[in-house]
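Undergrad: Please see the structure below; I have some questions.
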Amino acid sequence: MENVFTGKTVEEAVETGLSELGLTREDVEVEVLDEGKKKWIGSKPAQVRLTVKEKLTDGERAVRFLEGLLPLLGDEGVTVALRDEAEKIEIELVAESAKGIIGRRGEIIDAVQILAGAVANTGRKEYKRVVVDCENYRETREETLRRVANKLAAKAVRLGKRVRLEPMNPYERRIIHSALVDHPDVTTKSEGKEPARFVVIIPKNLKPFEKRDRRNDRNDRGGRGGKFNRDRRNNDRGSRYGERKPYPKRELPAEGTPESSGTSFKRDGGSSTGYRKGGFSGFFGTYLGNDKEEGASDTTPAESSPTPLNAPKDEE
């Protein structure tokens, strides 16, 4: 029986149909057959068809979503089946190659499970857990994680140190915590931020942290800055460049000599204050005193006064 209803307008026809069916607007799909038309004499009524939407459970909605998602990932021959949705929604994937669905360490199937959980919990006030499995992967992975947790707990107690596990998703971290919740010698906690959050196993006999003196260790090993390396560098320098010669001693000249205005050095083998190319002039600086000694004969003005540097030359 077709649910076709009429009214003066489309809205009136829809309201009439919802009232007769006892449904809401969200429960039906509306198809307008005729919008109606006003005439000079009389009018033509509007006509609509109401189709009741198929009501799906949360698990069925997630299954339908995965049936459209997996072919887009390249998995054409995958069968999606709903196993249970009483306490939690359990969905089973069946395929010829489970490796392509599971991925490395379950990365693909974990991502699919997160998306399915988001779809199944749309519109719900309380979150319902969704588990997507393939060829009993979840159970096998859980056994492996419990075995690793107990092994690392024994290592933490033996060494008296914290043991850090690799980053895991919330589901796998929960397995580690539950595996060691009753352990008498260790406790567990999660650290870090998603997606690199990890579990740390802390022994109850945790040894206090001891700060090591790296400088002393480096010196003992003969590392950088060690005594052994310093002696070796000194020996190499002496053998390569020969013995070091002492620098000439600096002696100030006696007062009253022109050399007192600069810096003088004493050299072996005589002293010469004249300038020699490639030699030593005897002093540095400029002597600004009077070059005429007392009792010396007078000189001509040309000899006593120097010629300025910028004076013009005599024309020939």
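Undergrad: Enumerate the whole-percent occupancy of each 10 Å bin, from 0 to the last occupied one, for all C-alpha pair distances of region 103-182.
TA: 15, 41, 28, 13, 3
Undergrad: Which percent of the accessible area of region 1-113 is formed by carbon and sulfur heavy atoms (probe 1.4 angstrom)?
TA: Working: 3830 of 7700 Å².
The computed percentage sits at 50.
Undergrad: In vacuo Debye scattering of region 1-153, one point per C-alpha: log10 I(q)/I(0) at q = 0.13, 0.20 Å⁻¹?
TA: Here log10 of I(q) over I(0) equals -0.74, -1.13.
Undergrad: Can you give me the Kirkwood hydrodynamic radius for region 148-209, using every pair of distinct Cα atoms, in Å to one decimal? Can you show the working numbers first?
TA: On the way: mean 1/r = 0.0862 Å⁻¹.
It is 11.6 Å.
Undergrad: Can you pull the semi-axes for region 30-81, root of five times each eigenvalue of the Cα gyration tensor, sorted largest first, whole Å?
TA: On the way: eigenvalues 410, 36, 7 Å².
With the √(5λ) rule applied to region 30-81, the semi-axes are 45, 13, 6 Å.
Undergrad: Right, something else. If the limit is 26 Å between Cα atoms, which of LYS88/LYS151; LYS55/LYS125; LYS155/LYS189; LYS151/LYS207; LYS161/LYS193; LYS55/LYS88 go over it?
TA: On the way: LYS88/LYS151 30 Å; LYS55/LYS125 18 Å; LYS155/LYS189 17 Å; LYS151/LYS207 19 Å; LYS161/LYS193 22 Å; LYS55/LYS88 19 Å.
Cα-Cα > 26 Å for LYS88/LYS151; rest within.
The values are calculated or read from the model by the stated rules, or taken from the named source; none is laboratory data. All values derive from a computational prediction rather than experimental measurement. For accessibility, only protein heavy atoms count, side chains too; no ligands or nucleic acids. Shrake-Rupley method; radii C 1.70, N 1.55, O 1.52, S 1.80 Å.
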